[in-house]
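Notes for the one structure printed next.
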Amino acid sequence: MASRHDGSDFTSNLGKVYGLYTGGFAAFVILLAILEQLGLPNRIIGYLFVFFTIAVYAGIGILSRTMQVSEYYVAGRRVPAFYNGMATGADWMSGASFVGMAGTLYALGYDGLAFVLGWTGGYVLVAVLVAPYLRKFGAYTVPDFLAARYGGNFARLLGIIVLFCCSFTYVVAQIYATGIIASRFIGISFEVAVFVGLLGILLCSMLGGMRAVTWTQVAQYIVLIVAYLIPVIWLSAQKYGVPVPQLMYGHALQDIASLEQQMLQNGLATGEKLKSHITPFTTYNPLNFFGLILCLMIGTASLPHILMRYFTTPSVREARKSVAWSLLFIFLLYFTAPAYAAFAKLEVYQNVIGASLDALPQWIYTYGQLGLVKVCGVNAEAVEAIKTACAGVEGNTGLLRFPDLSINNDVIVISTPEIAGLPYVIAGLVAAGGLAASLSTADGLLLAIANALSHDIYYKMVDPNAPTGRRLLIARVLLIIVAVFAAWVASTRPADILSMVAWAFSLAAAGNFPALVLGVWWKRTTTAGAVAGIIAGFAVTAYYLVATRYYAPGFVEMWGLATDKFETLKAAVAAAGDETARAAASAAFDKYAQSIAKWGGVNNISAALFGLPVGFIVMVLVSLVTPAPSKEMQDFIDEIRRPAGGVVMKEKAA
Amino acid sequence: MASGNDVAWWGKTRGLMITMLVIWAIFSFFIHFFVNSLNEIVVFGFPLGFYMAAQGSLIVFVVMLFWFARRQDAIDREHGVAED
């Protein structure tokens, strides 16, 4: 590890370094497993996992400190394709992917696969349309490219606004996730846990920028993928004798289908509540299913914190290969998530639904006490509590029926070690994995935001003559300010912001994708066209997102979508007597209005379905009516397209 | 800049891009239109329509990206525009 200061020596020894690291991590887990057998309490194991892994990431971050601009912004462009793939995997897979994705698949069945498809297929667009060209240009940030291609700082500013809108809510959600995971596993209060997470994030990224984030993300990827695979491999070996869960859950799907039929026959579930696991379009209609896939894919290809990872490879060729490696590493997690969902569902349908309330498995209570499992509407804290609650539910005869049970999405992954009867050390490992997933994504996002502020705003717009030392100082100060602000927002548990994370994909897609793709692939795209297209596409998307969510009644009336029920509920608000009645009526009115505030039935989350075509059409039309780009610009585009010849954007004082 | 070689090279690059996007569209959208019919076929316990969305398409994406990286590099080398 001492060789980290000498980049070339370090990169030639990467295999050895990370091999040792992985071996060391395995030894650490085994050591904890032995200590657990010797009677080390669970709480201490949880502490050791969290503090030890954060300390290792921080150590890598400190060893990778740098005082060079190109090291700080693009890791010196020396990251081999394979390792950049791992780092991108960690950058991409958030705490929510790690902990919540399997739960979404559990809840939605086939329809949840829109997320699996959408969050993988986008890399095809990244590799083919965008990443190699941005790498050739040699940008430090995505707005850098927009500025160079579209005539300067106005386009840059638009790029910064798009970047900020899609990255900030996302980073708040990541810091929130680190707080949740740390507080759940080591029992410190959520607010404290948020700032512990913040410390981990800052130590990883502040001193070494992209260089430090890259090498910690590789380390975090290794932890997160091991933590994700081990419990479910173990479970598969236990249940079916073959440790390949991705193949064996086919059997589970068959069993689930027959159990679903049985539950319907026994009256444990009703057809309207129970969604068959493999039947398509039970939650989303086909329009929204495919619309969501498209928005997630194009969003993937437009998110700045992902695109900037490909600025760090040694060549354009490596950038292309690196996208393939990234997708392989991401695929390992995403094709396993449906197996988690199927095994968990089988467990619930076999051993929980239809069981007597006295005989529920222990894990129900473990997570009930954390408020994550509810039976008959109350947290499943103790047998007596749920029996009392269920006695008050109509039709309950002392057996747990399907509608009586509600499970938080996060439980699916974190309860698997316990369901499989694994020692606590594996649960600690899963917590470390979830923490690695959210820390690594937070690192990448924070760097994207802070770099846009320090490189694009400060260096390119405020003080182009700033010396290297001051640029790096400003970059670090801004990183800390953004990080502390995001952590502060996260510590207030902002429900609204957390629900806005899904918006990032549509906003990025509509704001960045047309300008990036046409900028490379269509020489005729003019500055005016691009600027108009970005503004139009982004504005339409943002309008649809905000208006259908926060101003639903106004949206319904403005677009003539009102129904009889809408008018009835509206009248009820007006007729409400006192404050409480009015509040209740307004809430019902707003909820209903949100359910019908849609253009052509398109869900809020797929807003880019409107923003994208608007962005493309405006960009093309305005480009066609404005004079073609200059000869210099055409040559510049030729230069970006050709892999040969080194980066286009030169750093003058590296 | 616009020599005959460059034009031929960019033509092939664009052709590869279009091939990739067609395959991408097929496995992102088109085959999933037929999920109900595909679900009639069961392989290893998996209804095929479900399998394609959960694994099949993903495997195609991964394989096609490695193939693309090699193919584009071959095109670049053939026309002498690859990095040294």
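The values are calculated or read from the model by the stated rules, or taken from the named source; none is laboratory data. Predicted model, so just to flag it, every value in this text is computed and none were measured. When we count neighbours, we look across all protein chains shown, and the Cβ atoms used for this are built from the backbone with ideal geometry, even at glycine.
Exactly one condition in (1) part of a helix (DSSP H, G or I); (2) of a type outside the set (D, E, K, R); (3) surrounded by fewer than 23 Cβ atoms within 10 Å (Cβ to Cβ); (4) more than 22 Å from the chain's Cα centre (by Cα) is false for A:Y72; which is it?
Of everything listed in (1) part of a helix (DSSP H, G or I); (2) of a type outside the set (D, E, K, R); (3) surrounded by fewer than 23 Cβ atoms within 10 Å (Cβ to Cβ); (4) more than 22 Å from the chain's Cα centre (by Cα), A:Y72 misses just condition (3).
Going through A:E394, A:E318 one at a time, which residue ends up being among the charged types (D, E, K, R) and more than 30 Å from A:D91 (Cβ to Cβ)?
Working: A:E318 fails: more than 30 Å from A:D91 (Cβ to Cβ).
Just one listed residue meets the conditions, A:E394.
Can you tell me which of (1) at negative phi; (2) out of contact with any Phe, Trp or Tyr (no Cβ under 9 Å at 6 or more places or on another chain); (3) not hydrophobic (A, V, I, L, M, F, W, C) is the one A:G152 doesn't meet?
Going through (1) at negative phi; (2) out of contact with any Phe, Trp or Tyr (no Cβ under 9 Å at 6 or more places or on another chain); (3) not hydrophobic (A, V, I, L, M, F, W, C) one by one, A:G152 breaks only (1).
The conditions are (1) more than 30 Å from A:I230 (Cα to Cα); (2) modelled with pLDDT under 90; (3) of a type in the set (G, A, S), and A:A448 fails exactly one of them. Which is it?
For A:A448, the exception is condition (2).
From (1) among the aliphatic types (A, V, I, L, M); (2) under 28 Å from A:L446 (Cα atoms); (3) in contact with a Ser or Thr (Cβ under 7 Å, 6 or more places away or on another chain), pick out the condition that doesn't hold for A:V99.
(3)
Which helices (runs of 4 or more DSSP H) does the stretch A:107-180 wholly contain that include 2 or more residues that are in contact with a Gly (Cβ under 6 Å, 6 or more places away or on another chain) and crowded, with 24+ Cβ neighbours inside 10 Å?
Answer list for the stretch A:107-180: A:142-149.
Which condition number in (1) facing chain B (nearest Cβ under 9 Å); (2) among the β-branched types (V, I, T); (3) within 30 Å of A:Y140 (Cα to Cα) is the one that A:I298 fails?
(1)
Within the stretch A:567-588, which residues are touching a helix residue (DSSP H, G or I) at 6+ places or on another chain (Cβ under 9 Å) and closer than 22 Å to A:I605 by Cβ?
The answer is none; no residue qualifies.
Working carefully through the options A:L328, A:L296, A:L247, A:L259, find the one that is without any contact (Cβ under 8 Å) to a residue 12 or more places away in the chain, assigned by TED's automatic domain parsing to the domain that holds A:A237 and either aliphatic (A, V, I, L, M) or at positive phi (or both). Can you show your working first?
Details: A:L328 fails: without any contact (Cβ under 8 Å) to a residue 12 or more places away in the chain; A:L296 fails: without any contact (Cβ under 8 Å) to a residue 12 or more places away in the chain; A:L259 fails: without any contact (Cβ under 8 Å) to a residue 12 or more places away in the chain.
It is A:L247.
Please verify whether A:L360 is farther than 25 Å from B:F33 by Cα, within 14 Å of another protein chain (Cβ to nearest Cβ), surrounded by fewer than 23 Cβ atoms within 10 Å (Cβ to Cβ) and at pLDDT below 95, treating the condition exactly as stated.
On the way: farther than 25 Å from B:F33 by Cα: yes; within 14 Å of another protein chain (Cβ to nearest Cβ): no; surrounded by fewer than 23 Cβ atoms within 10 Å (Cβ to Cβ): yes; at pLDDT below 95: yes.
It is false that A:L360 is farther than 25 Å from B:F33 by Cα, within 14 Å of another protein chain (Cβ to nearest Cβ), surrounded by fewer than 23 Cβ atoms within 10 Å (Cβ to Cβ) and at pLDDT below 95.
Regarding the stretch A:239-248, can at least one residue be identified that is within 14 Å of another protein chain (Cβ to nearest Cβ), outside any helix (DSSP H, G or I) and surrounded by fewer than 18 Cβ atoms within 10 Å (Cβ to Cβ)?
Of all residues in the stretch A:239-248, those within 14 Å of another protein chain (Cβ to nearest Cβ) come to A:239-240, A:242, A:244-248.
Next, from what is left, pick out any that are outside any helix (DSSP H, G or I): A:242, A:244.
In the following step, the residues that additionally are surrounded by fewer than 18 Cβ atoms within 10 Å (Cβ to Cβ) were identified as A:242, A:244.
Yes, because at least one residue in the stretch A:239-248 is within 14 Å of another protein chain (Cβ to nearest Cβ), outside any helix (DSSP H, G or I) and surrounded by fewer than 18 Cβ atoms within 10 Å (Cβ to Cβ).
Residues are listed down the side, and each one gets a yes or a no for (1) touching a residue at least 12 places away in the same chain (Cβ under 8 Å); (2) surrounded by fewer than 16 Cβ atoms within 10 Å (Cβ to Cβ); (3) under 27 Å from the mean Cα position of the chain (by Cα); (4) over 16 Å from A:G208 (Cα atoms):
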{"position": "A:G24", "(1), (2), (3), (4)": "no, yes, no, yes"}
{"position": "A:L40", "(1), (2), (3), (4)": "no, no, no, yes"}
{"position": "A:F51", "(1), (2), (3), (4)": "no, yes, yes, yes"}
{"position": "A:M67", "(1), (2), (3), (4)": "yes, yes, no, no"}
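Can you tell me which of A:V517, A:V556, A:V546, A:V540 is assigned to a helix (DSSP H, G or I), β-branched (V, I, T) and more than 20 Å from A:C295 (Cα to Cα)? Step through it out loud before you land on a result.
On the way: A:V517 fails: more than 20 Å from A:C295 (Cα to Cα); A:V546 fails: more than 20 Å from A:C295 (Cα to Cα); A:V540 fails: more than 20 Å from A:C295 (Cα to Cα).
After applying the criteria, what remains is A:V556.
Of everything in the stretch A:389-428, what is assigned to a strand (DSSP E or B) and more than 19 Å from A:I180 (Cα to Cα)? Give them in sequence order. Even if it seems obvious, please write down each step before you answer.
Step one: of the stretch A:389-428, the residues assigned to a strand (DSSP E or B) are A:399, A:405-407.
Selection gives A:L399, A:L405, A:S406.
Kindly evaluate A:V323 against the criterion of being buried (at least 17 other Cβ atoms within 10 Å of the Cβ), β-branched (V, I, T) and within 9 Å of chain B (Cβ to nearest Cβ).
Details: buried (at least 17 other Cβ atoms within 10 Å of the Cβ): yes; β-branched (V, I, T): yes; within 9 Å of chain B (Cβ to nearest Cβ): yes.
It is true that A:V323 is buried (at least 17 other Cβ atoms within 10 Å of the Cβ), β-branched (V, I, T) and within 9 Å of chain B (Cβ to nearest Cβ).
Kindly list, by first and then second residue, each pair from a residue in the stretch A:576-587 that is within 17 Å of A:F566 (Cβ to Cβ) to a residue that is assigned to a helix (DSSP H, G or I) and not hydrophobic (A, V, I, L, M, F, W, C), limited to pairs with Cβ atoms under 6 Å and residues at least 6 apart or on different chains.
A:A576/A:R582
Tell me which helices (runs of 4 or more DSSP H) are completely within chain B and hold 1 or more residues being of a type in the set (F, W, Y), more than 30 Å from A:Y334 (Cβ to Cβ) and more than 7 Å from chain A (Cβ to nearest Cβ), or say none if there are none.
Once the helices (runs of 4 or more DSSP H) in chain B are filtered for at least 1 residues that are of a type in the set (F, W, Y), more than 30 Å from A:Y334 (Cβ to Cβ) and more than 7 Å from chain A (Cβ to nearest Cβ), what remains is B:4-28.
What do you reckon, is A:T526 more than 14 Å from chain B (Cβ to nearest Cβ), more than 17 Å from A:A510 (Cα to Cα) and surrounded by 15 or more Cβ atoms within 10 Å (Cβ to Cβ)? Quick ask: steps written out before the conclusion?
Values: more than 14 Å from chain B (Cβ to nearest Cβ): yes; more than 17 Å from A:A510 (Cα to Cα): yes; surrounded by 15 or more Cβ atoms within 10 Å (Cβ to Cβ): yes.
Against the criterion (more than 14 Å from chain B (Cβ to nearest Cβ), more than 17 Å from A:A510 (Cα to Cα) and surrounded by 15 or more Cβ atoms within 10 Å (Cβ to Cβ)), A:T526 qualifies.
Specify the residue that is farthest from B:D73 (Cα to Cα); the eligible residues are those in the stretch A:605-654 that are assigned to a helix (DSSP H, G or I) and polar (S, T, N, Q).
Of the stretch A:605-654, the ones assigned to a helix (DSSP H, G or I) are A:605-606, A:608-625, A:631-641.
From what's left, polar (S, T, N, Q): A:606, A:623, A:634.
Details: A:S606: 35, A:S623: 32, A:Q634: 23 Å.
Here the answer is A:S606.
Inside the stretch A:376-403, can you point out the residues that are free of Cβ contacts under 8 Å to residues at least 12 places away in the same chain and over 23 Å from A:L264 (Cβ atoms)?
Step one: list which residues in the stretch A:376-403 are free of Cβ contacts under 8 Å to residues at least 12 places away in the same chain, which gives A:378-379, A:384-385, A:388, A:391, A:394-395, A:397.
A:V378, A:N379, A:E384, A:A385, A:T388, A:A391, listed by residue number.
Restrict the check to the stretch A:112-132 and report whether at least one residue is away from chain B (no Cβ under 14 Å), closer than 28 Å to A:E318 by Cα and at pLDDT 90 or above.
The answer is no, given that none of the residues of the stretch A:112-132 is away from chain B (no Cβ under 14 Å), closer than 28 Å to A:E318 by Cα and at pLDDT 90 or above.
Quickly run through the stretch A:10-22 and pick out the residues that are among the hydroxyl-bearing types (S, T, Y) and either surrounded by 16 or more Cβ atoms within 10 Å (Cβ to Cβ) or more than 25 Å from the chain's Cα centre (by Cα) (or both).
Kept after step one, since they are among the hydroxyl-bearing types (S, T, Y), are these residues of the stretch A:10-22: A:11-12, A:18, A:21-22.
Within the stretch A:10-22, A:T11, A:S12, A:Y18, A:Y21 qualify.
What's the number of the only condition in (1) closer than 29 Å to A:G395 by Cβ; (2) more than 8 Å from chain B (Cβ to nearest Cβ); (3) outside any helix (DSSP H, G or I) that A:Q261 fails to meet?
(3)
Residues of the stretch B:25-58 being farther than 21 Å from A:G291 by Cα and under 21 Å from the mean Cα position of the chain (by Cα), which ones?
Answer for the stretch B:25-58, where residues must be farther than 21 Å from A:G291 by Cα and under 21 Å from the mean Cα position of the chain (by Cα): just B:L48.
Condition test on A:I535, is it assigned to a helix (DSSP H, G or I), touching a residue at least 60 places away in the same chain (Cβ under 8 Å) and in contact with a helix residue (DSSP H, G or I) (Cβ under 6 Å, 6 or more places away or on another chain)? I'd like the intermediate steps shown before the answer.
Numbers: assigned to a helix (DSSP H, G or I): yes; touching a residue at least 60 places away in the same chain (Cβ under 8 Å): yes; in contact with a helix residue (DSSP H, G or I) (Cβ under 6 Å, 6 or more places away or on another chain): no.
When the stated conditions are applied, A:I535 does not pass them.
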